[in-house]
Structure formats: C-alpha cells, structure tokens
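Engineer: Got a structure for you, questions after.
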Amino acid sequence: MSMPKEVPTVGSGSEDVHKIFDTVLILDFGSQYSHLITRRLRELNVYAEMLPCTQKIPELDWLPKGIIFSGGPYSVYADGSPHVDPSIFELGIPILGICYGLQEIAWHNGRGVSGGDKREYGHADLHVIRHENNPGIDRLFSGMTGQIQVWMSHGDMLSGLPPNFVTIASTTNSPFAAIAHESKPLFGIQFHPEVTHSPRGAEIIKHFAVDICKCKQDWTMEKFINKEIERIRNVVGETGKVIGAISGGVDSTVAAKLMHHAIGDRFHGILVDNGCLRLNEAKKCHEMLTKNLGVNLEVVDASEEFLSKLKGVTDPEKKRKVIGNTFINVFERKALEITEESGIHIDFLLQGTLYPDNVGGLLKDMKLKLIEPLRELFKDEVRALGTLLGIKEELVWRHPFPGPGIAIRVLGEVTAEQVDIARRADNIFIEEIRNAGIYREISQAFAALLPVRAVGVMGDQRTYEQVIALRAVTTVDFMTADWYDFDGKFLRKVSSRIINEVKGVNRVVYDVSTKPPATVEWE
Ligand SMILES: Nc1ncnc2c1ncn2[C@@H]1O[C@H](COP(=O)(O)OP(=O)(O)OP(=O)(O)O)[C@@H](O)[C@H]1O
Ligand SMILES: O=c1[nH]c(=O)c2[nH+]cn([C@@H]3O[C@H](COP(=O)(O)O)[C@@H](O)[C@H]3O)c2[nH]1
Ligand SMILES: NC(=O)CC[C@H](N)C(=O)O
Ligand SMILES: [Mg+2]
C-alpha cells in the first residue's frame, strides 16, 4: 500500500494546481492497479492525484471534484483492515468505489460484506441493469445495454444491497456487481474499469469523472510543464540551489531539462559513475547533456567506492541496498562540498522518479529534500514531455537502464572484471540492434553474465569460460513483457561477435521467457 513517504518530498500537487485543474482524488487501498486509475483519468485530460485511503478530506487545503476508492488486498470485515474517514460520505462529493472500494462503501452504509463461495479472477460478463423510472441513477453505464465484458479480481462480495442503494449491474457470481445510491452521488463497482482487460472501462471512468463529477477535461502536458516550472521556482526560491541525480536515462534527463528551464545554472546535475554503468556511459552522457541540453553536469567517479562495498555481496536485494545507500552518501558528500565551496546551502535533490517507481525505505536517513517533478507521470508521458521540451529523439527513446546497473546483470559477486565482460557483451548487442534498425521496436535489451562456466573449444584449445545471456523484451508498461523474436541471422551475428571479441565468454544464450513468470532483469 502507498504509505506516506518517510522523506520530505515536494512532488507535484502543491495547492495552486487545484486552483487550475478540477481534481479527482484517488484514495489508495493498496491495489496493484491504483496508479492505473490516475493514468486513465489523465488520458481523459482530467487531473488526478492519489493519497493514502486514510486521508481526511477536511485536512486538505483543496476540495476534490470527485473521489475514487481503489481496490485493495484486504477484506473490509477483517480486524485491522484500512477504512476511510466516515465523514467522507457527508461531503456531497461524488464517490466511486472499485472492488474493495465498493465493499468499503457497502460496509460504511450499513451492509455486510462476506467471503464469497466462488472467487472471480479474470473475465466476467456484466449484465447492465437499466432503470427507466429512475433516470440518471445508472449513468455510470450510459449508452451501455445488455452484457459488457469486465475484468474481476475478488473473493469477497456484498451479501446484500445497502439501504437506499439500487443494483445497476450484476454478474452470475456477484448479484451486486455495481450499485448506486438513490439520491446521493455514490457508486460502487466490483470489477476493475482501470485495466485494459475491461474494454469499456475507460468509458465508465469518463462517465464518473466528466458526467457525474463535472470535471473539466483541460489537463495537458503543456500546462503540466508551466505549472511544474512555476512550482519549482516557488519551492526553490530566487537564490536556492538544487543538485540533481542524473543518470543519462530518460527520466532524469527530462527532469534535468525541466529543472534547467526553471532555475538555469542554479541547477547542478551529478552523474555518479558507480562502476556498473554501460560502456563509456559517463563520458557519453556528459557530452549529450552538456552539449545538447545545456545542463550543468558533473561526473563523480565513485566506482571504487561502490565496487569495494559490493565485495562479497551476491544477494540481488542486498546489492540494491548497498548501491542505494552508497548513492545517498555520494550525494550528501557532494552537497556539502558545494556548500563549502560556494557558501550556498543546498536543500534539494532532484530525482527522476516516475509514478510507478518504488523508491521505498532507502532514503530514510537523507537530509536533502527530494524534488521529483515527474512523480505523477508514466514513462510514455515522460517521453511526450521530453519531446515537448525539445530533447532529441535519441535521448527520449533510450531503453530504460536500472539504477544498480550492471551490478544486477552480473549474477553473483560483482567485480570490476565481471562488469567489464558484461558491459562489452552488452555494447555489442545494443550496437547490432541499432545497426539492424530495430532499437525502437524493442522496449529494453541487455546482456547478463551468468556465474557458471561451460566447456568450449577455441583454436583447438579446450576452454572453460562464462556464459552471456541476451535479453530483449517488448512491453507497454513493464508489468508484463514478451521476449523479442529476432531472426536467426541476427542472433548468429551477435553471438559470433561476443564470443570472438569478449574475452572470458565462450557461449551465448538467448532468454525466451515472458514476464510473468520471469522478470525483465535476471536479478
Ligand atoms: N548513475 C546515476 N547517477 C546519478 N543518479 C542516478 C544514477 N542512476 C540512477 N540515478 C537516479 O535514480 C533515478 C531512478 O533511476 P531510473 O533508472 O529509474 O531512471 P532514469 O535512469 O532517469 O531513466 P531510465 O528509466 O530511462 O533509465 C534516476 O532518475 C536518477 O535520478
Ligand atoms: O531503477 C531501477 N532499479 C532497480 O533496482 C530495478 N530493478 C528492475 N528495474 C527495471 O524495472 C523494469 C522491470 O524490471 P523487472 O521485470 O526485472 O522487475 C525494467 O525496466 C528493469 O530494468 C529497476 N530499475
Ligand atoms: N481487488 C480487490 O479490491 C479485492 C478486494 C477484496 N480483498 C476481495 O477479495 O474481494
Ligand atoms: Mg536509469
């Protein structure tokens, strides 16, 4: 569940934004799809924000035009399960409950929810029930009649209709699959309209946000840029300085450009060479960002520090922790150094965090406050933003590269020698993908170095060397992914180049696993 963050953060969502845009507030009960609700609303050009489910509306300094309760992994009737502040139902603001959210509405409005006999996961046929004699009560389903396909993921269900509610849709397993209050703007649906598996889900969300909540559809990327630049200027003040964690990846590049627009040279980007970057990455990024984007960027070579801390570490999560903590140490040291040199105190650290990124726990002890201008956005929105800001296509369409870098692509212990092997193989793979003109068709590609040795023969000599696994996937959102179907000739060429050019490798394999059950990365 999204809990309030442990670090002070100044993401989007200062009070002024609510003066400009009508806002739908999503109260998050921890569903894996909560952020997709925000996403669907923004596709309608409706501004949306998500807060923890326990948020009390009177404590906000703005009022949402509508509220959506997300789904969640809990059961409303269980001890300790999360609940909204009950006064929320008295505000007169339209509410839509999704899955757990529906159950929460029923639970607060005097009706039981219980474990059903049958769980419903996957597709279901929803029978829409029209109410000719009660016009408007079924307007969530305007223009829909008969059966529509929806996607379900629940085990609990309403054991009856709460007083003053009517049923507006049902399925064979859920007699109260959608309900509406007779006089108040309260709606609940058992299915998930936010996932693409509910083909008419976006329409249902539109009916709620636009027809029921009367939200204006005026949220655009251009407005986002202006709002964000103004917000950054307000937060940072006229003389404040910001340092930025810049990796050369899409997200931090776009964030840096935005920051540069907002405060110019008072922004100081820092690219940390953690010893696990791609081949010549630090140098290439430095050139691209300073020359093409005019961003003030310094490369800090901390590779020895990172590699020495990674010594003996083989567990993937431990690698991430070590690297995350070392990043923080480097940034804090750097901030102090700049303060000592210039006498200007540095309060802020810019990060290219996106909506679906999970930055959790790591930053607990950090003294710098985070500025995360892209916190609200998804990858494709960031690419659209980058394009609007005039960033070159080559940069905007780079494949994502994880913060821990090659450290999680060298399976087992990370040493400079192992990173070097993986990095050289990776470089050949990506080079050939670019030469073949298929870079944009692939969402992400890389080489991983396996910690096993295999027997081979090279120039009549027996070899006993390591294996490179190539991975290339296509995906929309990185939640699910498919392997890319290269032709044999291409793979033959890459394999031959890697085995010939990269010392220490005598075998290349291609990973043909989908996500799920595999992940994109090998660690
Ligand atoms: N080597 C690095 N030096 C400085 N900051 C870094 C480095 N690696 C990652 N970061 C910070 O961590 C954030 C998260 O990394 P992430 O890989 O998700 O984003 P990105 O590198 O900006 O974009 P992309 O997803 O395209 O790789 C970055 O936006 C950046 O702020
Ligand atoms: O910044 C990052 N730090 C990490 O620790 C990390 N682990 C995975 N990834 C990236 O997330 C996407 C999905 O990866 P998985 O299928 O392996 O979880 C892919 O794009 C991965 O590259 C990371 N990015
Ligand atoms: N996806 C959900 O919101 C599930 C809600 C509840 N835990 C159920 O199983 O019915
Ligand atoms: Mg990256």
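Engineer: What shape does the range 20-212 take by its C-alpha gyration tensor, where a ≥ b ≥ c are the square roots of the eigenvalues and a/c under 1.5 counts as rounded, a/b above b/c as prolate, and the rest as oblate? Mind dumping the intermediate values first?
Structural biologist: Numbers: a/c = 1.31, a/b = 1.14, b/c = 1.15.
Rounded.
Engineer: Would you mind computing, in nm to one decimal, how far apart the modelled labels at GLU43 and ASP265 are, each placed 7 Å from Cα along Cα→Cβ?
Structural biologist: Modelled inter-label distance: 4.5 nm.
Engineer: Let me have the relative contact order for the range 20-212, percent, based on Cα pairs under 8 Å that are six or more residues apart. Can you show the working numbers first?
Structural biologist: Values: 430 pairs, mean separation 40.1, N = 193.
The value is 21 percent.
Engineer: Loop-only chymotrypsin sites (Phe, Trp or Tyr not before Pro) in the range 15-87, please: DSSP not H, G, I, E or B, and at most 12 other Cβ atoms within 10 Å.
Structural biologist: Details: sites: PHE21, PHE29, TYR33, TYR47, TRP62, PHE69, TYR74, TYR77; in loops: PHE21, PHE29, TYR33, TRP62, TYR74, TYR77.
Answer in residue order: no site qualifies.
Engineer: Place the peptides 332-343, 305-316, 437-448 in order of packing, highest mean first, counting for every residue the other Cβ atoms within 10 Å and averaging per peptide. Numbers along the way, then the final one.
Structural biologist: On the way: 332-343: 13.7, 305-316: 15.4, 437-448: 17.4.
Output ranking for 332-343, 305-316, 437-448: 437-448, 305-316, 332-343.
Engineer: Against the 2.2 N^0.38 Å scaling, with N counting residues, where does the range 221-397 land? I'd like the Cα-based Rg ratio to two decimal places.
Structural biologist: On the way: Rg = 15.9 Å, N = 177, 2.2 N^0.38 = 15.7 Å.
The reported ratio for this selection is 1.01.
Engineer: Could you tally the net charge around HIS131, taking each other residue with its Cβ under 15 Å from the Cβ of HIS131, Lys/Arg +1 and Asp/Glu -1?
Structural biologist: Details: positive: ARG130, ARG139; negative: GLU132, ASP138, GLU182.
Within the 15 Å Cβ shell, the charges total -1.
Engineer: Same structure, new question: Counting other C-beta atoms within 10 Å, and keeping those with at most 16, which DSSP coil trypsin sites (Lys or Arg not before Pro) do you find in the range 473-523?
Structural biologist: Numbers: sites: LYS489, ARG492, LYS493, ARG497, LYS503, ARG507; in loops: LYS503.
In loop regions of the range 473-523 (DSSP not H, G, I, E or B), the sparsely surrounded trypsin sites (Lys or Arg not before Pro) are LYS503.
Engineer: For LYS309, which lysines qualify as cross-link partners when the Cα separation must be under 18 Å and same-chain residues fewer than eight apart are set aside?
Structural biologist: Filter leaves LYS318, LYS319, LYS321.
Engineer: Among all the lysines, which ones have a C-alpha under 21 Å from LYS241's C-alpha, if same-chain residues fewer than 8 places away are not counted?
Structural biologist: Straight-line reach from LYS241, under 21 Å: LYS227, LYS257, LYS334, LYS367, LYS369.
Engineer: From the square roots a ≥ b ≥ c of the eigenvalues of the alpha-carbon gyration tensor of the range 416-510, which class results: rounded (a/c under 1.5), prolate (a/b over b/c), or oblate?
Structural biologist: Since a/c reaches 1.5 and a/b is larger than b/c, the shape of the range 416-510 is classed as prolate.
Engineer: Spin-label point model (7 Å from Cα, Cβ direction): what's the GLN147 to ALA202 distance in nm?
Structural biologist: The modelled label-to-label distance comes out at 2.5 nm.
Engineer: What's the local net charge at TYR77, with K and R +1, D and E -1, over the other residues with C-beta under 12 Å away? Please report the intermediate quantities before stating the final value.
Structural biologist: Working: positive: ARG111; negative: ASP79, GLU104, ASP156.
Overall, the nearby charge balance is -2.
Engineer: What three numbers, in Å, describe the spread of the alpha carbons of the chain along their principal axes, ordered from the longest?
Structural biologist: Rounded to whole Å, the extents work out to 85, 60, 42 Å.
Engineer: Between the range 490-509 and the range 91-158, what is the C-alpha centre distance in whole Å?
Structural biologist: Rounded to whole Å, the Cα centres lie 55 Å apart.
Engineer: Let me have the 222 nm mean residue ellipticity of the chain computed from DSSP H runs of 4+ only, each contributing -39500 (n - 2.57), with the sum over all residues rounded to the nearest 500. Each step should come with its number before you reach the end.
Structural biologist: Numbers: 13 runs with 150 residues, N = 523.
Counting only the DSSP helices, I get -9000 deg cm²/dmol.
Engineer: While we're on this one: For LYS318, LYS392, give the ranking by accessible area with the largest first, probe 1.4 Å. Display every interim value, and only then the final one.
Structural biologist: On the way: LYS318 115, LYS392 95 Å².
The most accessible residue leads, giving LYS318, LYS392.
Engineer: Ok, one more. Given +1 on the Cβ of Lys and Arg, -1 on the Cβ of Asp and Glu, and no further charges, what dipole in debye does the range 202-361 carry about its Cα centre, rounded to the nearest 20?
Structural biologist: So the magnitude is around 320 debye.
Engineer: Once you put a point 7 Å from the Cα of ARG333 and another 7 Å from the Cα of ARG492, both along the Cβ direction, what distance in nm separates them?
Structural biologist: Roughly 5.0 nm, to one decimal.
Engineer: Separate question: Note the angle between two axes, namely the Cα long axis of helix 250-263 and the longest principal axis of the Cα atoms of the chain, as a number of degrees from 0 to 90, rounded to the nearest 10.
Structural biologist: 80 degrees
Engineer: So how strong a dipole does the chain carry about its Cα centre when Lys and Arg Cβ are +1 and Asp and Glu Cβ are -1, to the nearest 20 debye? Mind showing how you got there, number by number?
Structural biologist: Details: 59 positive and 69 negative charges, 167 e Å.
Here the chain has a charge dipole of around 800 debye.
Engineer: Continuing with the same structure: What number comes out for accessible area per residue over the chain if the probe is 1.4 Å? Units Å², please. If you can, show how the numbers build up before the last one.
Structural biologist: Working: 23080 Å² over 523 residues.
About 44 Å² of surface per residue is accessible.
Engineer: Carbon and sulfur: what percent of the chain's accessible surface (1.4 Å probe)? Present the calculation step by step, with values, prior to reporting the outcome.
Structural biologist: Numbers: 11380 of 23080 Å².
That share works out to 49 percent.
Engineer: Tell me the relative contact order for the chain as a rounded percent, counting alpha carbon contacts under 8 Å between residues six or more apart. Mind dumping the intermediate values first?
Structural biologist: Working: 1018 pairs, mean separation 59.8, N = 523.
Computed value for the chain: 11 percent relative contact order.
Engineer: Oh, and also: Tell me, in nm to one decimal, what length is gained between SER308 and GLU394 on full extension, where the rule is 0.36 nm per residue of separation less the Cα-Cα distance?
Structural biologist: Details: separation 86, 0.36 × 86 = 30.96 nm, distance 3.37 nm.
The SER308-GLU394 span can extend by a further 27.6 nm.
The values are calculated or read from the model by the stated rules, or taken from the named source; none is laboratory data. Everything numeric in this text was worked out from a predicted model, so none of it was measured. In this analysis, Cβ positions are derived from the backbone assuming ideal geometry, glycine residues included, and neighbour counts consider all displayed protein chains. For the accessible areas, the whole protein counts, side chains as well, though only heavy atoms, and no ligand, DNA or RNA atoms are used. Shrake-Rupley method; radii C 1.70, N 1.55, O 1.52, S 1.80 Å.
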